[in-house]
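Beneath this line is the structure, given in structure tokens, with notes to follow.
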Amino acid sequence: MTRDDPSSSAPDDHHPDMPRGLIARFRNYFLTGLIVAGPVAITLYLTWWFVNWVDNLVRPFVPMAYRPETYLPFILPGSGLIVAVFALTMLGFLTANLIGRTLVEIGEKVLGRMPVVRAIYRGLKQVFETLFSGSGSSLRRVGLVEFPSPGMWSIVLISQVPSANVAARLPSQEEHISVFLPCAPNPTTGFFFYVPKSRVVEIDMSTEEAATLIMSAGVVQPNSDPQKKLAALAEMAEASRVANASNLASTTAAKVD
């Protein structure tokens, strides 16, 4: 083989790598676009789904003479949502006076005498009063507990102290607190348990940041730089490509032998 032999020229050694570099760059750009457009698309889709769901729920109760589609050649999205907001506001206004409170008390007494409905109504009422109360502090603090084994820490949402009858039957005399441990990647499911207050390490993190951290399985850290996160994703993709190429080369060599 001579120096003038075309098979020994240096530029030919780089031709196989050029498509790989182009594909890797295309993949990185695609991931960047997906990261930017994905959350926006999902948010718009969920918002549109919620508006249509409320419209379909409220529209049957609105007379035809008061529906916008009666006078328009198309259905106006959000009209049912506006009616629902107005109706709930008026209900709250009427409930605030003496007559409204009296009607609510009569309705609660009727529901209180129904064996199955009574437990459902009281439980849901307590949940709604706790979640939508402006002065409530439930599930607004974030902490760490040692779970599921010593040395392993999990993020929890701190709730209220247990009631007197529950606290009296807890084995330890130490003050306990109730916490909710969300599961990844779906933070709406998890575990609820009582834990000694001294074993809860409260951290400076909002519930939104904790939910994002759990849903991303630790990929999106609070107060992290988006450019660093994108660079980390690109490095992970490149490392995966190199590892796959190495495994493919090893498998090919093993078959040849």
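If only one of Arg113, Arg59 is modelled with pLDDT of 85 or more, out of contact with any His (no Cβ under 9 Å at 6 or more places or on another chain) and of a type in the set (Lys, Arg), which one is it? First the steps, then the outcome.
Numbers: Arg113 fails: modelled with pLDDT of 85 or more.
Just one listed residue meets the conditions, Arg59.
Is it the case that Ile82 is assigned to a helix (DSSP H, G or I) and either over 23 Å from Val220 (Cα atoms) or basic (Lys, Arg) (or both)?
When the stated conditions are applied, Ile82 passes them.
Which residue pairs have Cβ atoms closer than 6 Å, lie 6 or more positions apart in sequence or on different chains, and pair a first residue in the range 83-105 that is surrounded by 12 or more Cβ atoms within 10 Å (Cβ to Cβ) with a second residue that is among the hydroxyl-bearing types (Ser, Thr, Tyr)?
Val104/Thr95
So Gln227 ticks every box in (1) at pLDDT 85 or above; (2) open to solvent by 70 Å² or more (accessible area, probe 1.4 Å) but one. Which box is left unticked?
Here Gln227 meets the rest and fails (1).
What's the number of the condition Gly78 fails, among (1) exposed (fewer than 12 other Cβ atoms within 10 Å of the Cβ); (2) at positive phi?
All conditions are met except number (1).
Can you find, within the range 42-62, the residue that is nearest to Pro77 (Cα to Cα) among those that are within 15 Å of the chain's Cα centre (by Cα) and open to solvent by less than 90 Å² (accessible area, probe 1.4 Å)?
Among them, the one singled out is Thr47.
Taking the range 188-221 on its own, how many of its residues are part of a strand (DSSP E or B) and touching a Lys or Arg at 6+ places or on another chain (Cβ under 8 Å)?
1
Give the range 116-149 a look and list any residue that's of a type outside the set (A, V, I, L, M), at pLDDT 75 or above and either farther than 30 Å from Val201 by Cα or open to solvent by less than 60 Å² (accessible area, probe 1.4 Å) (or both), or say none.
Arg118, Tyr121, Arg122, Gly123, Lys125, Gly143, Ser149, listed by residue number.
The values are calculated or read from the model by the stated rules, or taken from the named source; none is laboratory data. Remember, predicted model here, so these are calculated numbers, not experimental data. Using ideal geometry, Cβ is built from the backbone for each residue, glycine included, and neighbour counts are taken over all protein chains shown. Calculation scope for accessible area: heavy atoms of the full protein, side chains included, ligands and nucleic acids excluded. Shrake-Rupley method; radii C 1.70, N 1.55, O 1.52, S 1.80 Å.
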